[in-house]
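Read through the structure below, which is laid out as structure tokens, and then see the notes.
The values are calculated or read from the model by the stated rules, or taken from the named source; none is laboratory data. Fair warning: this is a prediction, and the values are worked out from it, not measured in the lab. Using ideal geometry, Cβ is built from the backbone for each residue, glycine included, and neighbour counts are taken over all protein chains shown. Just the protein is used for accessible areas: all its heavy atoms, side chains included, with ligands, DNA and RNA removed. Shrake-Rupley method; radii C 1.70, N 1.55, O 1.52, S 1.80 Å.
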Amino acid sequence: MIALSLAEIAEVVGGQTHDIPDPSVQVTGPVVRDSREVEPGSLFVAFVGERVDGHDFAQAVVEAGAVAVLGTRPVGAPAIVVDDVQAALGALARHVVRRLGATLVALTGSAGKTSTKDLIAQVLQRKAPTVFTPGSLNNEIGLPLTALSATDETRFLVLEMGARGIGHIRYLTELTPPKIGLVLNVGSAHIGEFGGREQIAQAKGELVEALPSSDEGGTAILNADDPYVRAMASRTKAKVILFGESGEADVRAENVRLTDNGQPSFRLHTPSGASDVTMRLYGEHHVSNALAAAAVAHELGMSADEIAVALSEAGSLSRWRMEVTERPDGVTVVNDAYNANPESMRAALRALVAMGKGRRTWAVLGKMAELGDEALAEHDAVGRLAVRLNVSKLVAVGGREAAWLQLGAYNEGSWGEESVHVSDAQAAVDLLRSELRPGDVVLVKASRSVGLESVAQALLETGAEGEVAAR
């Protein structure tokens, strides 16, 4: 964080200082909520959770080097006391962002946010110091913590914004007002909570509504291939740039194909030139993510050649998102178990098939959460797609939704041992351990709540005769 005195922080957040002998002492380290992340000069934010009260760690964090605690009560150690810690954290982030000389890039969408954010960060880092959201910390706590990690040297601040309802993104943009806003897509993720795609579009479009006008440098980057997103152009005063495979897109891809390893390759076209890209990531869905990143980078002054090189060399920065590992016996495990929705399920299945040409392919799939009334139809459709794509084996893991997956496959023509429904992750592991053969490719994917990453981990441990080689 940029250096601020405890007195200044107290004024910004409307707090009272307690047990602080010298209010001029500065916070020079990170702002953290996890006591294990405290460094000398840190400010520790004490949240009260269902199981843990951060105030109980006050003495320990000060001994570890924290300058003070931001909490809701005195703790017998240097503290700034406020009525609402979350609101105070947001106010502090808003203050710091206003003082930064960085360009703030914000992005949202139903699917692909984290992968795209990672791509944008890796591309922009080649141009100037860049701070970006770690993992998927995209809510009212994670976002301000990320913003507060920026320093005076930061030139680009890339923030992922999530939402579970109308008004959530508007709140986040008030904390960290963006200059560039990117909307990826409007899909089925959380549709049960929102109540429909129109409501999702309304929520995601709050990002472009928050942008400054084109005269003030505001830029909205919108997916030309998604009608819900493209329609958001009417909701902003910012300059509009379209990306996608549409011929009308300002930044577009041509000659899209997958390599034999399932990695996307395409010709990138920008308003200032074109260049070829072959990505290290897996799956055709990353083409759209790459185009979104390219549109941001081009707007910030990078050439087509610079962008293409950066995209071609970019890797995966976040765990369990098409994380490809090859065991010593030749079995390839694709751990995409961080989350799932119908769009990402379809993309992952297509990537599995592309990677598995000439090899047996396994799709180990679980529940897609928060689909509301569309849950039955969407699980049935994914099961049917696995059959149409000629996935060798479908293993549906879990309860009712998994049964719908398997039933969809069965009704599409997957009989005998081509598809199976098992009760839990351990049953899936037992089945795979007994039936996997060298050279097989296994995709593991479900919503985060299912915890199927344990299946992928167990498979890697099973095959680890020696050291596992990650690609």
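Screening VAL81 with (1) over 17 Å from GLN16 (Cα atoms); (2) touching a Pro at 6+ places or on another chain (Cβ under 7 Å) gives one miss only, at (1). Here is the figure for region 220-239: residues that are assigned to a strand (DSSP E or B) and within 21 Å of GLY273 (Cβ to Cβ) total 2.
Of all residues in region 393-404, those being open to solvent by 40 Å² or more (accessible area, probe 1.4 Å) and in a loop (DSSP other than H, G, I, E, B) number 1.
Restricting region 34-43 to residues that are in contact with a Gly (Cβ under 7 Å, 6 or more places away or on another chain) and crowded, with 19+ Cβ neighbours inside 10 Å, the residue that is nearest to THR17 (Cα to Cα) is SER42.
Would you pick out the residues in region 405-417 that are part of a helix (DSSP H, G or I) and surrounded by fewer than 23 Cβ atoms within 10 Å (Cβ to Cβ)? Residues satisfying the conditions are LEU407, TYR410, ASN411, GLU412.
Checking region 447-461 against the condition returns no match, with no residue being crowded, with 19+ Cβ neighbours inside 10 Å, at pLDDT below 95 and in a strand (DSSP E or B).
Can you name the residue in region 57-115 that is among the polar types (S, T, N, Q) and open to solvent by less than 50 Å² (accessible area, probe 1.4 Å) and is also farthest from VAL27 (Cα to Cα) among such residues? So the residue we want is SER110. The single condition among (1) open to solvent by 20 Å² or more (accessible area, probe 1.4 Å); (2) within 24 Å of ARG321 (Cβ to Cβ); (3) not small (Gly, Ala, Ser); (4) not in a helix (DSSP H, G or I) that LEU385 does not satisfy is (4).
Among the residues of this structure, LEU175 counts as one that is over 19 Å from VAL296 (Cα atoms), within 22 Å of the chain's Cα centre (by Cα) and either surrounded by fewer than 16 Cβ atoms within 10 Å (Cβ to Cβ) or not β-branched (Val, Ile, Thr) (or both).
Restricting the search to region 418-445, which residues are buried (at least 22 other Cβ atoms within 10 Å of the Cβ) and either among the hydroxyl-bearing types (Ser, Thr, Tyr) or at pLDDT below 95 (or both)? If the condition is that a residue be buried (at least 22 other Cβ atoms within 10 Å of the Cβ) and either among the hydroxyl-bearing types (Ser, Thr, Tyr) or at pLDDT below 95 (or both), then SER419 is the only one that fits. Is there a residue being out of contact with any strand residue (DSSP E or B) (no Cβ under 9 Å at 6 or more places or on another chain) and open to solvent by less than 60 Å² (accessible area, probe 1.4 Å) anywhere in region 151-163? No, that holds for no residue.
The lone criterion from (1) in a loop (DSSP other than H, G, I, E, B); (2) under 30 Å from LEU376 (Cα atoms); (3) not hydrophobic (A, V, I, L, M, F, W, C) left unmet by PRO177 is number (2). Can we say ASP373 is open to solvent by less than 50 Å² (accessible area, probe 1.4 Å), under 30 Å from ARG164 (Cα atoms) and assigned to a helix (DSSP H, G or I)? Against the criterion (open to solvent by less than 50 Å² (accessible area, probe 1.4 Å), under 30 Å from ARG164 (Cα atoms) and assigned to a helix (DSSP H, G or I)), ASP373 does not qualify.
Of all residues in region 313-362, those that are assigned to a loop (DSSP other than H, G, I, E, B) and buried (at least 20 other Cβ atoms within 10 Å of the Cβ) total 12.
Taking the criterion of being open to solvent by 40 Å² or more (accessible area, probe 1.4 Å) and either without any contact (Cβ under 8 Å) to a residue 40 or more places away in the chain or part of a helix (DSSP H, G or I) (or both), the residues of region 299-312 that qualify are GLU299, SER303, ASP305, GLU306, VAL309.
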